[in-house]
Amino acid sequence: MQTPFSWNPAAAVRDHSGLPLILNRSYFVPPPEEIGTVTSAYSALKLGQSPNPSRRRLLVTLGIAVGFAILGCLAAAGSEPKGFIDYLSMATLLTVVFALPSAFVAFLIMHLFRRDYRCDYVGSEGIANYDLQDMVRGKPGHILRFQDATDLKIELTPQHLTGLLAATKYYYSWQNAGKEVFSITGEYYTEKKTLENKFHFAGAAEAAWLQHQYKARVMA
């Protein structure tokens, strides 16, 4: 896996919404050469931030479990056990009853609300997306050369709650002869289309794709 701070963007590179890049970001993998000149980029990883959030979540979960185990031992000590065996049994019981479920709930909450550390690029010849968790597990990023796709299908699906627009699901699918070769999916709330949302990545990718298709037709 590439080390953090491995790519420094050129001055002309913008974020996916067209604004200047956020300066305190670490592009933990450089853009692949096959996507051409990079026009926009984004990274969720901040400079100096831990590149291994899974390890941090594990340490927090273990810390909670150990904390409740200590409380179990203190509670057992305060229950006036009859001898060491009785004390040990009471401490073990309280640890199992309180520590393990609490640690499980803590891990579940941290997993559900974990932040995805992604890095993506839009270039003149293609797009690329990398997920830090996948790279830690040895999985490669996702790269699309525009020349390898023949169509782009876009689906925007409004999601309503009690009659009001709650969110919009988006689905961008680049295909070749009916087979999907790259996709960008997610949902956004109208008031919260921040850079963390892939919607901006999808929009910038669509614009680059259309420009590439236009140039291909002109040169044909």
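A few remarks follow.
- Residue list for region 197-206, filter: touching a residue at least 12 places away in the same chain (Cβ under 8 Å) and not charged (D, E, K, R): Phe199, His200, Phe201, Ala202, Gly203, Ala204, Ala205
- Only residues that are among the charged types (D, E, K, R), more than 26 Å from the chain's Cα centre (by Cα) and farther than 14 Å from Thr150 by Cβ were counted in region 202-220, giving 1.
- For region 128-173, the set of residues classified as in a strand (DSSP E or B), of a type in the set (Asp, Glu) and under 16 Å from the mean Cα position of the chain (by Cα) consists of Asp131 only.
Every number in this text was worked out from the coordinates using simple rules, so none of it is lab data. This structure is a prediction, so every number in the text was calculated from the model and none was measured. Virtual Cβ from ideal backbone geometry, glycine too; neighbours counted across all protein chains shown.
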